[in-house]
Structures are given as structure tokens and as C-alpha cells.
Amino acid sequence: MTSRAVLQVFSDYQASRTKFVQTVAELALRPQNIECLQNAGVMQLLRPLLLDTVPSIQQSAALALGRLANYSEELAEMVVSAEVLPQLIYSLSEQNRYYKKAASFVLRSVSKHSAELAQCVVDAGALQSLVECLSEFEPSVKEGAAWTLACICRHSESLAASVVAISEPSSVAQLILCLQEPELSLKRISASALSELAKHSLALAQTVVDEGAINVLVPLLQHPDNKLVRQVCSALAQIAKHSVDLAENIVECEVFPKLLMLLKKDADEQVKKNAATLIREIAKHSPELARLIVNCGGDAVIIEFITESTGNVRLPGIMALGYIAAFSDTLALAIIVHQGLLPLKDALINENEDYIRAAAAWSVGQIGRHTPDHAKAVAQADILAKLRDIHGDANSSLDLRNKTLRAAKAVIAKCTHLLALQPLLLSADGAALAKIRKYVIQQFAKCLPNDHAARKSFVQSGALQKIQELRQFYSEQQPQQNEENTETEEDQENDAAAENHADCLQYIATINDCFPPELVQYYSPNYSTQLLEKLDQYDAQP
């Protein structure tokens, strides 16, 4: 056999290996092929090919492993069990740029599934090599490394701290440098990685800020690429949420004109949502920051945003209004003046998700709890009736019912516009609305003694008659509550109900004292029976 024939054998063997790994990599793209590949023992066949002498075969083998690991957590665990991670990590610092991209893809595909798998990647020593890849000349290598670091940081504070702990070169500083590169996809992924780093704790966010991230991120809010702006808003929000100092650092970089323009004019809904989230995270910290937003016209922009949007997109805007209104009556009044109650009412009525309606109820409570004027604005917008209906609805979640009850209580306690409370009293029937009914009766008992003008309308609306019916109801309920006195949970609830009834009877007595006894007696449920009894006893004079 000639030397050419001998070399042909090796050439055929290389061609077969190349064809095998390339075909497996293509097959792994289709989900329907994954199970067949797994059953055929593809992991054991690909592992030795990572150490192949031919670079293209190594790259294709790594690509195939990455696609398999990307498919499911189970396959990612098989990749870890096959002990290929150490070889991939070694190759990150030794091989060419194509292999580095493929190796980063495998590490990313493994680490994205769970904190445990990400920890396996960290334990294998991947972080140092990945951070070194951030300073490579080739943008696609940097992109792959930054993306992998983002997937690792996402899961937990300890994993994010492991990434930050790489100091030679500094992982955070390298990510910020990548953010300044001209390649768009690299900018996006670097911003995403900084967001994942900063979200876990104040200390991690402070580290990101100390490296100068804010000065690089804020100018990018004006970048024309929507996907990049989404990530930038998210990163700034994750920084701002931790403390008032970090939020002030962002504000000092003149974030507000840019941020409000995004909320007002950007066509991308996700950009608007992330911008609103950043405003919310800034507004929640202090009255000064909330006032700054209102002085910039931010409240009007947020109101316009939540009026025009629906669903989960407007949730951060709804919450931002609540945070702003919570700090002072003047800030809450600014929201009322700009018609901020109308979109909140719309959210209470038309949103399908309970958590969005709960946020709207909370914001309404923050607006209406300050003064009688604020409460009157809420009452005149007919929001109290909506809060009552949602609280009484058996299909509402427990959190939603609690939020609507708290909001109703806060507003009712400040409401001296008694005309608005009368319909609430007349319609608050049933055990589900017992607490709201109590708050309304309590408020009438507080206001009627000092409000002579309201007494006539109180009688004409049927509210006084309703009060007498409730007096009879509470009086009948009290003896039943006191019949047994055992220490079971049910009896403890009964004791609370009895105390509630006693309070209500006291409030009703205060209300009745505002009216002539004859009028109170006239509207009592058993008044007609008493008259008939008198008729029976009356002896007509001849």
C-alpha cells in the first residue's frame, strides 16, 4: 500500500468525523430529533471530538453539545455529567475565536436553566476565562462571554457576587467597556448583564455604579435601537431600586427629560414599560424625588401612558402614581388635577389580571387618603362603588380583596362628602361587605353630628331607614355570638364579629342621636307592627 493510500484512510476518517459532527449539530436544531439523538448516546460520541486534532471538528462538536444543552435542563445535566466543562473552559483561553464562541455557547446553554447548573459552570472555573474573553478583539467572542455571564448572574446573589469577585481584569469594568463598543448586539447583551448583576442587592448595584456604569448607560437612552434602550432602562431601574442615593445618582445624570420623552413618544411598548419601571423605582424613595418627577411634568406623562396602554405594560405606571401620591397631599392633588383617577378606574373595571387591579386599588388609596378633598375626588369618580364590588366578588383573589378593602377604608375615613357615601351604605349587604359597611357607618357617625345640611338628604335617600334595619340586624346577631364561649378558631372569629357588631351599634346610636326620636321610630322596621298593636289596644270613645 502506497503512502497516498495510507493518507487517504486518515483523510476519509477526518471527513467522516466532520460529516458526523456537522450532521448532529444540524439535527440538534430540531426539537423532534433530540430524543432520538439522546437515545443513540450522542453525548458519549461528541465528548472525545472536543479533543479532536482538527479545529473545525472541535467547534462543530461544541456547537452540537450547546444545542443539546439548550433544549432542556435534563440534557444540560447530562452535558455536565459527561465532564466536558473543564475541557471547554481550557479551550476558552487556548483556542481560536470560533471555538471560543462555541464553548461560550455551551456554557451559556448549561447555566441558563437553573442556579445549580450555573453553579456547576462556576465551580468548573469558567468565570476567569469568560471575563478574559471580554477583552478579546473579536466582538462575537465578547458577546458570547457577556451573554454567558448574564445567564450566570441571573439566578442568585451568590452567583452574581462570584462574577463581581473576578478582579483581574475586573468583570464589571470589562462589561462597561463592552457597552461602549460600536457593535449593537454587544451593547445590548452588556447592558443586560449589568442589569442582571445589579438586581440582587445594594452592594452589587453599588459596585456597578462605582465602576462608572451610570454615566455610560444614561446617554444610551437616546439611542435609536429599541432593544438596546429596553435593556438600558432595565439596568438603570435595577440600580435605582436599592437606595435613595443610587436613585439620586441616576437623576443627577439628567435622566428625566430623556426618560419622559421615551414614555411619551416611543412606539415600542416594552421600552415604555421599562421606562415607567425606572420612574417608579426612582419615585418610591423620597418626597424630593417624587416632587422632582411632578415638577418635570412626569405625572401627566405617566397618566397619558397608562390611559393609552393596557395589561401588564401599564402596571409600573399605575404603581408609580401610587408612590408619588403617597408622599404628600400636593403631589396627590397634582395627579387628581391631571385626571389620573380615570385610568385607575379603568384598570379596576377592565383589567383581567387581579394583580393589576390590586395595584390600581392601592394607588387609589394612596391618592384619596390625604384630605376630605382628595377623598371627595375619588368618591365623585365613582371609584368607591367599584372597590366595593371587587371586594364583594367571590372570584377576586385574597390579595385583591385586601387591597380594595384597605383603599376603601383609607378613602372613606377622609370622606366628608356624605352624598357619595349614601349609595355605598344602601348597597353594602352581605357578610363579604361587612367591613366596608362598618367603615361607612363609622364615617357617618363622625360627620353627621357636625353636618346639619346632610341630615335631610340622609333621610330622603333611605339611609336612615337602612341604619334602623342594620340596628335590628346587629342587635339580633349579638346574643347568638355570646351563647357559646369556647377557645376554638371559629369562636375567636365569632368574638371578633361580636365586637364588630357592638362597635356598629355604638356608631348607629350616635347617628340616631342626630335625628328626632319620632323620625328614628318611624323608620324602624317594626314601627308598623307597633302601630297596629296600639290600634288593637285603642278603645274608641263614644
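Quickly run through the stretch 39-53 and pick out the residues that are surrounded by 14 or more Cβ atoms within 10 Å (Cβ to Cβ) and within 19 Å of S11 (Cβ to Cβ).
L49, D52
Give me a count of the residues in the stretch 358-382 that are within 26 Å of the chain's Cα centre (by Cα) and not basic (K, R). If you could, list the steps in order and put the result at the bottom.
Initially, the stretch 358-382 is screened for residues within 26 Å of the chain's Cα centre (by Cα), giving 358-370, 378.
From what is left, the residues that are not basic (K, R) are 358-368, 370, 378.
Matching residues across the stretch 358-382 total 13.
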Number of the exception - P542 against (1) surrounded by 10 or more Cβ atoms within 10 Å (Cβ to Cβ); (2) more than 45 Å from the chain's Cα centre (by Cα); (3) modelled with pLDDT under 80: (1)
Residue under evaluation L194, criteria (1) on the phi < 0 side of the Ramachandran plot; (2) over 22 Å from the mean Cα position of the chain (by Cα), criterion not met: (2)
Any hit, the stretch 145-155, residues being in contact with a Leu (Cβ under 8 Å, 6 or more places away or on another chain) and more than 16 Å from L197 (Cβ to Cβ): no
The stretch 98-121, subset touching a residue at least 12 places away in the same chain (Cβ under 8 Å) and surrounded by fewer than 17 Cβ atoms within 10 Å (Cβ to Cβ), residue farthest from V163 (Cα to Cα): S114
Every residue from the stretch 372-401 that is in contact (Cβ under 8 Å) with a residue 40 or more places away in the chain, over 16 Å from L418 (Cβ atoms) and surrounded by fewer than 16 Cβ atoms within 10 Å (Cβ to Cβ): S397, D399
Any hit, the stretch 238-247, residues being among the charged types (D, E, K, R), within 12 Å of I282 (Cβ to Cβ) and touching a residue at least 12 places away in the same chain (Cβ under 8 Å): yes
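For every residue, the table says whether it meets (1) in contact (Cβ under 8 Å) with a residue 24 or more places away in the chain; (2) over 17 Å from G212 (Cα atoms); (3) buried (at least 24 other Cβ atoms within 10 Å of the Cβ).
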residue: P139; (1), (2), (3): yes, yes, no
residue: S158; (1), (2), (3): no, yes, no
residue: S162; (1), (2), (3): yes, yes, no
residue: S192; (1), (2), (3): yes, no, yes
Selection within the stretch 171-185 - closer than 12 Å to S135 by Cα and polar (S, T, N, Q): S171, Q174
Within the stretch 456-490, considering residues that are more than 38 Å from the chain's Cα centre (by Cα), assigned to a helix (DSSP H, G or I) and of a type in the set (D, E), the one modelled with the lowest pLDDT: E476
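Can you confirm whether E74 is without any contact (Cβ under 8 Å) to a residue 24 or more places away in the chain and either in a helix (DSSP H, G or I) or touching a strand residue (DSSP E or B) at 6+ places or on another chain (Cβ under 6 Å) (or both)? Reasoning before the result, please.
Values: without any contact (Cβ under 8 Å) to a residue 24 or more places away in the chain: yes; either in a helix (DSSP H, G or I) or touching a strand residue (DSSP E or B) at 6+ places or on another chain (Cβ under 6 Å) (or both): yes.
Answer is yes for this residue.
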From the options A413, A408, residue that is buried (at least 18 other Cβ atoms within 10 Å of the Cβ) and more than 22 Å from the chain's Cα centre (by Cα): A408
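Residues in the stretch 384-429 that are acidic (D, E) and either in a loop (DSSP other than H, G, I, E, B) or closer than 13 Å to I441 by Cα (or both): how many?
Filtering the stretch 384-429 down to residues acidic (D, E) leaves 389, 393, 399, 429.
Still in the running and either in a loop (DSSP other than H, G, I, E, B) or closer than 13 Å to I441 by Cα (or both): 393, 429.
Residues meeting the conditions: 2.
Name the single residue that is surrounded by the most Cβ atoms within 10 Å (Cβ to Cβ) among those in the stretch 164-190 being of a type in the set (S, T, Y) and in contact with a helix residue (DSSP H, G or I) (Cβ under 7 Å, 6 or more places away or on another chain).
Looking at the filtered set, the residue picked out is S190.
Of everything in the stretch 1-38, what is polar (S, T, N, Q), surrounded by 12 or more Cβ atoms within 10 Å (Cβ to Cβ) and modelled with pLDDT under 80? Give them in sequence order.
Correct list: Q14, N33, Q38.
Would you kindly identify the helices (runs of 4 or more DSSP H) lying entirely within the stretch 245-306 that contain at least 1 residues that are modelled with pLDDT of 90 or more?
Values: elements: 255-265, 269-283, 287-295.
Filter on the stretch 245-306 gives 269-283, 287-295.
The values are calculated or read from the model by the stated rules, or taken from the named source; none is laboratory data. Everything numeric here is computed off the predicted structure, so don't read it as measured data. Neighbour counts are summed over all protein chains in view; Cβ atoms, including those assigned to glycine, are modelled from backbone coordinates with ideal geometry.
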